[in-house]
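Heads up, the thing below is written out as structure tokens.
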Amino acid sequence: MLSTKTARRIAALAMATLAIAWAGTSAAEENYSRKGADTCFQCHDDQATLAVFRSKHANPSDPDSPFGHGQLQCESCHGPGGDHARRVRRGQERPAITAFAADSVASIAEQNAFCVECHQADTGAAWHGSTHDINTVSCAGCHSSHAERDPVLATSTQAEVCFDCHQQQRTQSMKPFSHPVRQGKMDCTSCHSPHGNSADTLLARTDANRTCYECHAEVRGPYLWEHAPVAEDCGNCHNPHGSNQPGMLSMRAPMLCQSCHSQAGHPSVPQDARGLPSNLPSSLLLGQSCMNCHEQVHGSNHPSGSKLMR
Ligand code: HEC
Ligand code: HEC
Ligand code: HEC
Ligand code: HEC
Ligand code: HEC
Ligand code: HEC
Ligand code: HEC
Ligand code: HEC
Ligand code: HEC
Ligand code: HEC
């Protein structure tokens with residue numbers, strides 16, 4: 001956190017370079033404030049607001065930044081604030097300015113438009129019509145624009161931002177077997193593309209398997225003997241957000257395997273040599289279960305590996 005003193009100093013420094021650069025006066029007809037950020041500071045000089053001067057948005061030498069030469073400073077994001085910044089009489093209501101919050105006077109689409117104006121290239125055409133766009137998630141729903149470091153951009157802090165809305169994934173990430181997201185070694189964008197793309201469920205690659213192969217090339221094959229559900233979708237057996245089963249399996253073997261394979265050939269009830277029910281341990285059901293024999297679950301390259309046993 002910035003101390004108020006440091007924050008003021010940064011602001012003062014920044015403003016010294018900015019005073020000449022304020023463009024609002026030439027756009028007076030659109031009702032911008034008279035002195036840009038200087039006007040806003042009369043009432044908004046708290047640390048949270050001033051922190052914006054430590055963010056990439058306040059780079060005065062970047063002509064494209066809100067605080068670059070000739071730009072609209074605070075009002076390039078918040079929109080014209082001339083009326084809002086004027087003195088109001090006691091009891092009179094202050095005209096509102098665009099806030100990036102649920103109770104804002106501006107719709108989500110209007111709020112996003114301020115950001116997209118400068119970030120068309122970053123969010124890309126895919127944003128429009130993407131799941132987050134359709135469900136009216138705002139840019140500010142994920143991005144903290146005043147923060148020196150935007151938490152959603154760092155691996156160690158990103159998941160918390162997403163978990164705010166995605167409780168189910170939070171719960172799954174707490175399970176004993178999961179990708180190291182909680183440990184800050186991976187993040188949601190290891191697999192997802194939050195701004196949208198042409199893939200289902202905002203996946204980073206065109207489908208789930210291609211996304212997984214990025215890091216698990218060893219299960220990509222091609223195999224001489226393929227196991228059909230593997231080539232189809234890793235999600236047939238794994239839950240990538242976390243699970244109570246070792247290996248992030250969605251169920252334990254033999255149930256997992258028997259959710260597709262008939263029990264007829266390989267009974268899951270322990271039996272003796274004559275095929276009668278028995279209470280002796282069964283190799284089909286213990287430990288690695290089916291994988292005791294079919295250990296190449298992802299596919300086999302052995303000439304006689306058709307039953308995925310070698
Ligand atoms: C004369 C004082 C004054 C000035 C100048 C002023 N504001 Fe405000 N602003 C307020 C007050 C008071 C509020 C609290 C909202 C209310 O109760 O109307 C507010 C609220 C806001 C909010 C919404 C916060 C929320 O909680 O909804 C934003 C954003 C904002 N101001 C931005 C600006 C910007 C940008 C400028 C400069 C263009 C500016 N303000 C200039 C007094 C001022
Ligand atoms: C890059 C765009 C951007 C710029 C530039 C910007 N803001 Fe903001 N501002 C936001 C967003 C987005 C929020 C919502 C909170 C957040 O994301 O951090 C916000 C929140 C606020 C709030 C409300 C904070 C609260 O309590 O909810 C105030 C007041 C405010 N800004 C004032 C300003 C002032 C004054 C400036 C200029 C010094 C400024 N903003 C510059 C985008 C911007
Ligand atoms: C006037 C143009 C302008 C506006 C408006 C604007 N930005 Fe930016 N933004 C920039 C520039 C310039 C950069 C710095 C790019 C760089 O350094 O690569 C930037 C950087 C960013 C970054 C990367 C920050 C980082 O630390 O790497 C994010 C995220 C971002 N903006 C989001 C937003 C959001 C969300 C809004 C709307 C609330 C917004 N921007 C409004 C121009 C703008
Ligand atoms: C669902 C959360 C989410 C939403 C909504 C979202 N973003 Fe992002 N944004 C991210 C994440 C996460 C990253 C980091 C991408 C990465 O690590 O691959 C990012 C990166 C960025 C960057 C930096 C790009 C770079 O390469 O440095 C900009 C700029 C940006 N977003 C702007 C926007 C704008 C503008 C909007 C609204 C139209 C928006 N974002 C909506 C999550 C989001
Ligand atoms: C290892 C890759 C991976 C990581 C990391 C990951 N996901 Fe996913 N996620 C997927 C796959 C694959 C799907 C598609 C599952 C499906 O369609 O059944 C998915 C689906 C989703 C869905 C849609 C769920 C549904 O039921 O429709 C949400 C929401 C989601 N992920 C959020 C997150 C969040 C939030 C994070 C970060 C905490 C995250 N994911 C991290 C791979 C991943
Ligand atoms: C402000 C709330 C909010 C935040 C923050 C948020 N999301 Fe979402 N997300 C939604 C909503 C709403 C949906 C659509 C309904 C649903 O599937 O739950 C959605 C859907 C998704 C989906 C499923 C897409 C599909 O097509 O089925 C994925 C994946 C996802 N979000 C990932 C992320 C990631 C990754 C982050 C963090 C970088 C994130 N979300 C942050 C609200 C949010
Ligand atoms: C960005 C890299 C990355 C991507 C993409 C990725 N993983 Fe992983 N995966 C890892 C890491 C790192 C581990 C942990 C390895 C460890 O703990 O030794 C892991 C572990 C696993 C494990 C083994 C867990 C165990 O207990 O041995 C499974 C199963 C797995 N991932 C499945 C998937 C699936 C399915 C996908 C696609 C939806 C996927 N992974 C995408 C990096 C990734
Ligand atoms: C038919 C079910 C099934 C499918 C589909 C499947 N796996 Fe597996 N996977 C398993 C089993 C069973 C294990 C062993 C778990 C254990 O060690 O307890 C495993 C283990 C793993 C491991 C841990 C390391 C290893 O090789 O033992 C990784 C990584 C992995 N799978 C990735 C993937 C990926 C990526 C996909 C999609 C291309 C995929 N799996 C599809 C059943 C499956
Ligand atoms: C999502 C469904 C599904 C799951 C789960 C599944 N399989 Fe399969 N498995 C198949 C399909 C489909 C085939 C291909 C059958 C064919 O070609 O006749 C197959 C083929 C096989 C074969 C080769 C059979 C042959 O006749 O060549 C073996 C062995 C096998 N699976 C074992 C397993 C084991 C062990 C598990 C648990 C780790 C498992 N399967 C989980 C669907 C599944
Ligand atoms: C003790 C070793 C062993 C265990 C444990 C085992 N299998 Fe098999 N399985 C075999 C052998 C040997 C064959 C080949 C039979 C043949 O070639 O006629 C086979 C064949 C198969 C086939 C091919 C179709 C068929 O019936 O011939 C499937 C599917 C299969 N096993 C699934 C499973 C499942 C599911 C489990 C766990 C419930 C499992 N196996 C446990 C030894 C085992």
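The numbers here are math on the coordinates, done by the rules we state, and not lab data. Values in this document were obtained by computation on a predicted structure and should not be read as measured data. For neighbour counting, all protein chains shown are included, and Cβ atoms are generated from backbone atoms with ideal geometry for every residue, glycine included.
Dividing the mean sequence gap of close Cα pairs (under 8 Å, 6+ apart) by how many residues the range 32-107 holds gives a relative contact order of 25 percent. Couplings 3J(HN,Hα) for the range 237-243, derived from phi with the Karplus relation 6.51 cos²θ - 1.76 cosθ + 1.60 (θ = phi - 60°), are 10, 10, 10, x, 8, x, 7 Hz, where x marks Gly and Pro.
Near the amide H of residue 192, within less than 5 Å, lie the amide hydrogens of 204, all on another chain or at least 5 residues away, with H placed in the peptide plane. How large is the translational diffusion coefficient of the range 92-208 in µm² per second when you combine the Kirkwood radius over alpha carbon pairs with Stokes-Einstein at 37 °C and 0.692 mPa s? Result for D is 208 µm²/s. Set the Förster distance to 35 Å, then compute FRET efficiency between residue 177 and residue 128 from the Cβ-Cβ distance, nearest 0.05. After rounding to 0.05, the efficiency reads 0.40. In this structure the amide hydrogen of residue 238, modeled in the peptide plane, comes within under 5 Å of the amide hydrogens of 250, none closer than 5 places in sequence on its chain. Here the label points at residue 264 and residue 219, each 7 Å from Cα along the C-beta direction, are separated by 2.9 nm in the simple model. Label sites at residue 64 and residue 102, each approximated as a point 7 angstrom past Cα along Cα to Cβ, lie 3.4 nm apart. Whole-Hz Karplus values for the range 111-118 come out as 4, 4, 4, 4, 6, 5, 2, 9 Hz, taken residue by residue from phi with 6.51 cos²θ - 1.76 cosθ + 1.60 and θ = phi - 60°; glycine and proline positions read x.
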